[in-house]
Amino acid sequence: MKWLFRAKSKLRILIDTKCDLSGYETVSIWARKPDGNVVNFPAVVKDVENGIIFYDVVDENDIDLKGWWIIWPEVIFDDDRTAAGRAVKVFVHEAGSL
(Lines give C-alpha, C1' and ligand atoms only; values in the text may rest on other atoms or scores of the structure.)
Protein backbone atom coordinates (compact mmCIF):
# COMPACT_ATOMS: atom_id res chain seq x y z
CA MET A 1 0.00 0.00 0.00
CA LYS A 2 1.24 3.52 -0.77
CA TRP A 3 1.59 6.19 1.88
CA LEU A 4 -1.72 7.34 3.33
CA PHE A 5 -2.24 10.83 4.66
CA ARG A 6 -4.65 12.12 7.29
CA ALA A 7 -7.59 14.32 6.22
CA LYS A 8 -7.31 13.65 2.48
CA SER A 9 -10.28 12.55 0.40
CA LYS A 10 -8.63 11.29 -2.81
CA LEU A 11 -8.23 7.67 -1.75
CA ARG A 12 -9.70 4.30 -2.69
CA ILE A 13 -9.43 1.52 -0.13
CA LEU A 14 -9.34 -1.66 -2.24
CA ILE A 15 -9.50 -5.09 -0.58
CA ASP A 16 -9.21 -8.60 -1.98
CA THR A 17 -11.41 -10.66 0.35
CA LYS A 18 -10.21 -13.92 -1.22
CA CYS A 19 -13.84 -15.07 -1.05
CA ASP A 20 -16.47 -15.62 -3.73
CA LEU A 21 -19.09 -13.00 -2.90
CA SER A 22 -21.97 -14.61 -4.80
CA GLY A 23 -25.13 -14.03 -2.79
CA TYR A 24 -23.74 -11.13 -0.78
CA GLU A 25 -26.18 -8.73 0.85
CA THR A 26 -23.84 -6.10 2.30
CA VAL A 27 -20.11 -5.51 2.38
CA SER A 28 -18.31 -3.20 4.77
CA ILE A 29 -14.78 -2.13 5.52
CA TRP A 30 -14.11 -1.83 9.24
CA ALA A 31 -11.28 0.12 10.79
CA ARG A 32 -9.84 0.51 14.27
CA LYS A 33 -8.38 4.00 14.58
CA PRO A 34 -5.19 4.80 16.50
CA ASP A 35 -7.33 6.04 19.42
CA GLY A 36 -9.11 2.65 19.64
CA ASN A 37 -12.44 3.74 18.17
CA VAL A 38 -13.92 1.44 15.52
CA VAL A 39 -15.65 2.79 12.40
CA ASN A 40 -17.05 1.17 9.28
CA PHE A 41 -17.42 2.27 5.70
CA PRO A 42 -19.99 0.91 3.21
CA ALA A 43 -18.08 -0.90 0.50
CA VAL A 44 -18.86 -1.55 -3.15
CA VAL A 45 -18.29 -4.94 -4.78
CA LYS A 46 -16.00 -4.54 -7.78
CA ASP A 47 -15.67 -8.25 -8.66
CA VAL A 48 -18.12 -10.78 -7.18
CA GLU A 49 -16.30 -13.98 -8.22
CA ASN A 50 -12.84 -12.79 -7.17
CA GLY A 51 -14.05 -11.02 -4.03
CA ILE A 52 -12.74 -7.53 -4.72
CA ILE A 53 -14.39 -4.69 -2.77
CA PHE A 54 -13.60 -1.00 -2.34
CA TYR A 55 -14.53 2.19 -0.56
CA ASP A 56 -13.84 5.61 -2.03
CA VAL A 57 -13.06 8.07 0.75
CA VAL A 58 -15.53 10.91 0.30
CA ASP A 59 -14.83 13.13 3.27
CA GLU A 60 -11.55 14.29 4.73
CA ASN A 61 -12.90 13.27 8.15
CA ASP A 62 -13.04 9.58 7.11
CA ILE A 63 -9.32 9.12 7.75
CA ASP A 64 -8.94 11.68 10.50
CA LEU A 65 -6.11 10.47 12.75
CA LYS A 66 -2.44 9.86 12.10
CA GLY A 67 -0.96 6.62 13.40
CA TRP A 68 -1.57 2.90 12.99
CA TRP A 69 -4.97 1.85 11.67
CA ILE A 70 -6.20 -1.76 11.51
CA ILE A 71 -8.52 -2.40 8.53
CA TRP A 72 -10.57 -5.50 7.66
CA PRO A 73 -13.53 -6.44 5.42
CA GLU A 74 -16.84 -7.95 6.49
CA VAL A 75 -19.40 -9.59 4.22
CA ILE A 76 -22.98 -10.47 5.11
CA PHE A 77 -24.64 -12.88 2.70
CA ASP A 78 -28.35 -13.04 1.84
CA ASP A 79 -28.71 -16.30 3.83
CA ASP A 80 -27.36 -14.60 7.03
CA ARG A 81 -23.88 -16.11 6.76
CA THR A 82 -21.10 -13.69 7.64
CA ALA A 83 -17.41 -13.59 6.80
CA ALA A 84 -14.73 -11.30 8.19
CA GLY A 85 -11.46 -10.98 6.33
CA ARG A 86 -7.88 -10.80 7.51
CA ALA A 87 -6.98 -7.52 9.18
CA VAL A 88 -4.09 -5.42 7.92
CA LYS A 89 -2.22 -2.70 9.74
CA VAL A 90 -1.51 0.54 7.85
CA PHE A 91 0.13 3.75 8.98
CA VAL A 92 -1.55 7.08 8.26
CA HIS A 93 0.89 9.99 8.03
CA GLU A 94 0.49 13.70 8.58
CA ALA A 95 0.88 15.59 5.30
CA GLY A 96 4.36 17.08 5.04
CA SER A 97 5.95 14.51 7.37
CA LEU A 98 8.66 11.99 6.55
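The values are calculated or read from the model by the stated rules, or taken from the named source; none is laboratory data. Being a predicted model, the structure only gives us computed values, none of them experimental. Cβ: placed from backbone, ideal geometry, glycine included. Neighbour counts: every protein chain shown. These accessible areas exclude ligands, DNA and RNA; they are computed on the full protein's heavy atoms, side chains included. Shrake-Rupley method; radii C 1.70, N 1.55, O 1.52, S 1.80 Å.
Taking the range 71-94 only, how many residues are more than 20 Å from Ser9 (Cα to Cα), crowded, with 17+ Cβ neighbours inside 10 Å and touching a residue at least 60 places away in the same chain (Cβ under 8 Å)?
Adding up the residues that qualify gives 1.
Does at least one position in the range 49-61 carry a residue that is touching a Phe, Trp or Tyr at 6+ places or on another chain (Cβ under 6 Å), assigned to a loop (DSSP other than H, G, I, E, B) and either modelled with pLDDT of 95 or more or not β-branched (Val, Ile, Thr) (or both)?
The answer is no; no qualifying residue exists.
Take the residues of the range 5-47 that are assigned to a strand (DSSP E or B) and among the acidic types (Asp, Glu): which is most open to solvent (accessible area, probe 1.4 Å)?
Glu25
For the range 48-70, which residues satisfy the criterion of being open to solvent by 40 Å² or more (accessible area, probe 1.4 Å) and among the β-branched types (Val, Ile, Thr)?
Val48, Val58, Ile70
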